[in-house]
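Okay, so here's the structure we're looking at.
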Amino acid sequence: MDWIELQEFEFSTIVGILPSERVTVQPLRVDIRLELPLDECGDSGDLSKSLNYAMVEAAVCFLAQEGQWWLIESLALAVCRWLLADPAPGEGRGRVETVEIRLRKPTILHGRAVPGVGMRRTGVVQLAGAQARGVRIQTLVDTGKDAAWRVVLMPGASWSVDRSVGVFVVSGSVWAGDQQLKPNERRCRGAEFEVQNREGAPAVLLFAGMPVT
């Protein structure tokens, strides 16, 4: 099997269950291996038959930082489910067959050890969700404390976003309030705004933050 991998990319985020971890950022180290057939991409030169690793890196960073997860197990599961789901209309990527992810917190034990979580998932994931007025919302993880969703916004559709949720553009283009967002761009949590698709093609988005009740 062919694969794409991202090794030891690191960023800072709020993550963990300790009181100090809920108010202080710490580094999170990530390794990802994605298995999918790459012959068609290699023969055609068409990246949409593969996967843009820069987008994956940016999306995982977004999910972690905006989700502010209590458990890295929940974050790992959200990443696996997103990447194993059938590509949404307009998402422009190949179908991933296996995801292997490793998350580590290198400083939390002050050098005595580096704790981490590893997860490997294979096969297509069916995401639960709902669709109304041109918006399809699919839940990746919702623990009651933190959550992530994949959202497909059809042309002309809009969705109001709570201040506890951030948005990341996987493909397409949307307006988040008065800010236009293109692929690999985000708007962070902290303010209420409306996401609008003013283009002629679907937009595929990730949302992460606190569950919206």
*With a point put 7 Å past each Cα toward its Cβ, work out how far W3 is from W175 in nm, to one decimal.*
4.5 nm
*Take L18, L206 and order them by how many other Cβ atoms sit within 10 Å, fewest up front.*
L18, L206
*Roughly how many Å is it from the Cα centre of the range 73-92 to that of the range 33-64, as a whole number?*
12 Å
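Roughly how big is the range 3-122's charge dipole about its Cα centre, with Cβ charges of +1 (Lys, Arg) and -1 (Asp, Glu), in debye to the nearest 20? Intermediate values should be presented prior to the final figure.
Numbers: 13 positive and 17 negative charges, 132 e Å.
That gives a dipole near 640 debye.
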*What order do you get for K105, K145 when you list them from fewest to most C-beta neighbours inside 10 Å?*
K145, K105
*Extension reserve of the Y53-V124 stretch, reckoned as 0.36 nm per residue once the Cα distance is removed*: 23.6 nm
*Could you compute the FRET efficiency for D31 and K182, with r as their C-beta to C-beta distance and R0 at 25 Å, rounded to 0.05?*
0.35
*Which label marks the calculated value of log10 I(q)/I(0) by the Debye sum over Cα atoms at q = 0.08, 0.11 Å⁻¹, given the options [x] -0.48, -0.66; [y] -0.27, -0.51; [z] -0.33, -0.62?*
[y]
*Distance from a point 7 Å along Cα→Cβ of L109 to each backbone N in the range 1-31: keep the residues under 17 Å and list them by number.*
16-18, 27-30
*asked:* If R₀ is 35 angstrom, what is the calculated FRET efficiency for the pair T24 and R133, using the beta carbon separation as r and rounding to 0.05?
replied: 0.30
*Residues of type lysines that K182 reaches as a straight line, Cα spacing below 28 Å, ignoring anything fewer than 8 places off in the same chain*: K49
_Least to most buried among R95, R150 (fewest other Cβ within 10 Å first)_ = R95, R150
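Net charge around D39, counting only other residues with Cβ within less than 13 Å of its Cβ (Lys, Arg = +1; Asp, Glu = -1)?
Working: positive: K49; negative: D2, E40, D43, D46.
Counting the neighbours of D39, the net charge comes to -3.
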*For the modelled label position 7 Å from the Cα of E194 along Cα-to-Cβ, which residues of the range 152-170 have backbone nitrogen atoms closer than 14 Å?*
156-162
_Run the reach check for K145 against aspartates and glutamates, Cα to Cα strictly under 14 Å, same-chain hits fewer than 8 apart removed. What comes back?_
E66, E73
*Which Rg and Dmax, in Å, describe the Cα atoms of the range 129-209?*
11.5, 35
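Readers should treat all values here as calculations from the given coordinates under stated rules, not as data from a laboratory. This is a predicted model, so every value here is computed, not measured. Note: ideal-geometry Cβ built from the backbone for every residue, glycine included; neighbour counts use all protein chains shown.
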